[in-house]
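Here is the structure we will look at.
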Amino acid sequence: MASSSKGKTFSAETKLVEGLTAILDASNLTELEFETEEISIRLSRGSTAVAPAMMPAPAAMPVAPAAAGAPAAPAAASDADTDIASHPGALKSPMVGTVYLAPEPDAPLFAKEGEQVKKGQTLFIVEAMKVMNPITAPADGKLTRVLVDNAQPIEFDQPLAIIE
Amino acid sequence: MTDFPDRLDAGQSDKTGHLPAGWSIAFFDTAPSSNDLALSALAEQKNAAAGQCFVVGEQTRGRGRLGRQWTSNPGDGLYMSCVLCPDTPAHLLPSLSFAISLAVHNMLAEQIRDDRAKISLKWPNDVLVNGGKIAGILLEASAGGIVAGCGINLKNAPTDPSQKHPAVSLDQFSAQHAPASARALAFRLVHHLAECYEVWEQKGHHKIIESWQRYCAMIGANVHIQTPKGLVTGRCTGIGGEGQLILQDEAGQEISITAGDVEIMKGQA
């Protein structure tokens with residue numbers, strides 16, 4: 001769904017960088033920055049190559065709106081996201097779906113941030129195609145962070161919580 | 001009531017039918033829900049529970065999606081759950097929804113001989129007859145397996161005017177002949193489940209989704225979907241590779257849905 005438009009976006013960005021480079025070359029400037037809501041590019045003269053700084057997924061990419069039940073995958077994960085994903089206590093979703101923090105809409109949460117949890121205890125349910133998948137604690141520990149909201153669409157392998 | 005006092009194992013038969021290899025049925029008069037019985041069997045027996053089916057005459061706490069109550073009066077429906085232990089990655093489990101609903105569809109198609117009755121499927125696993133909901137399915141995964149529960153209305157379809165697709169029951173489409181008993185239908189359903197499950201497991205979920213789409217009432221139709229985050233509307237363009245519903249909104253943007261209540265707009269089911 002998004003791949004073809006990613007190609008188009010990359011091509012447009014390449015042309016943009018080429019155009020900005022031409023402006024920089026034709027001027028006495030040592031540095032040039034270009035920024036919109038979708039992209040930020042900084043060019044500078046010196047020993048390093050031109051380095052476009054990409055922002056997360058452009059708004060124009062045809063990914064599902066947040067309300068639609070499928071999340072937009074960021075084009076480049078932030079350092080914070082990478083840190084969380086590689087955290088040894090990260091509990092990740094085994095599938096694409098919608099995550100629930102309680103068994104029913106008005107029921108108490110399976111577990112709250114800061115609580116001790118037991119191995120095998122259900123912490124979330126991920127629903128996909130009316131299949132309910134309990135996500136359980138892999139080991140005893142403390143639920144230090146819950147990284148998702150109730151009824152939030154989630155991606156495969158997305159971190160849901162940190163257990164330490 | 002002692003209508004359902006016994007158990008039949010694979011290969012055994014009684015006057016209502018026989019079972020395919022690897023499958024069994026246990027009949028109970030009453031239980032909180034057939035899914036609870038199947039989940040208990042899975043928890044206790046692990047892989048050894050695979051293929052066990054549980055039929056309940058009356059569910060005291062029948063449930064649907066998000067804990068919604070499923071009306072389950074004695075004799076009004078077939079309430080059956082089966083234990084499956086597929087050796088497959090977790091991300092493919094949701095596609096089992098299509099195998100189970102296709103099996104229910106095929107069983108009902110065998111029973112309904114009224115030419116005016118159109119049997120169809122609604123994403124992800126509802127079975128409709130003439131646009132009314134005749135069967136609902138809920139799958140619950142657990143350690144080592146998954147339980148598939150089916151509720152099929154046989155008579156006295158519950159009336160709830162708030163439902164977008166009002167309930168219908170099998171007896172409404174059986175004018176020309178006496179409808180089969182719940183017990184006989186359970187046997188037939190196990191046969192269709194075994195067949196669809198084998199295709200899903202051996203030939204892959206794509207094959208099942210391909211067959212499922214042939215009976216889908218939604219392709220090309222305008223739909224409203226109440227997702228956990230709000231209402232989404234659009235035209236259904238198909239089913240994604242892992243079973244997600246694909247819509248195109250008014251702006252032409254493609255939307256992928258994994259959870260929600262679907263309403264097919266009037267006249268299109």
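Rule-based calculations on the coordinates, nothing more; no lab input. Predicted model only: the values in this text are computed from it and were never measured. So basically every Cβ, Gly included, is an ideal-geometry build from the backbone, and we count neighbours across all protein chains shown.
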ask   = With no solvent and one point on each alpha carbon, what is the Debye value of log10 I(q)/I(0) for chain B at q = 0.09 Å⁻¹?
value = -0.39
key: Relative contact order computed over chain B (Cα-Cα under 8 Å; 6+ residues apart), in percent   = 16 percent
note = CD proxy, 222 nm, chain B: helix-only mean residue ellipticity via -39,500 (n - 2.57) per DSSP H run with n ≥ 4, per residue, nearest 500, stands at -7500 deg cm²/dmol
ask   = Which order do B:203, B:46 fall in if you start with the one that has the fewest other Cβ atoms within 10 Å?
value = B:203, B:46
ask   = Hey, in the GNM for chain B with a 10 angstrom Cα cutoff, which one of B:116, B:61, B:183 fluctuates hardest?
value = B:116
inquiry  = Can you list which of the DSSP-assigned H helices in chain B have a Cα extent of 15 Å or more along the long axis and an average Kyte-Doolittle score of at least 0.0?
reply    = B:34-45, B:96-111
ask   = So who's got an amide H within less than 5 Å of the one on residue B:51, skipping anything under 5 residues away but keeping other chains? H placed 1.01 Å off N, in plane.
value = B:83, B:84, B:85
Using a Förster distance of 30 Å, the FRET efficiency for residue B:231-residue A:81 (Cβ separation, nearest 0.05) = 0.50
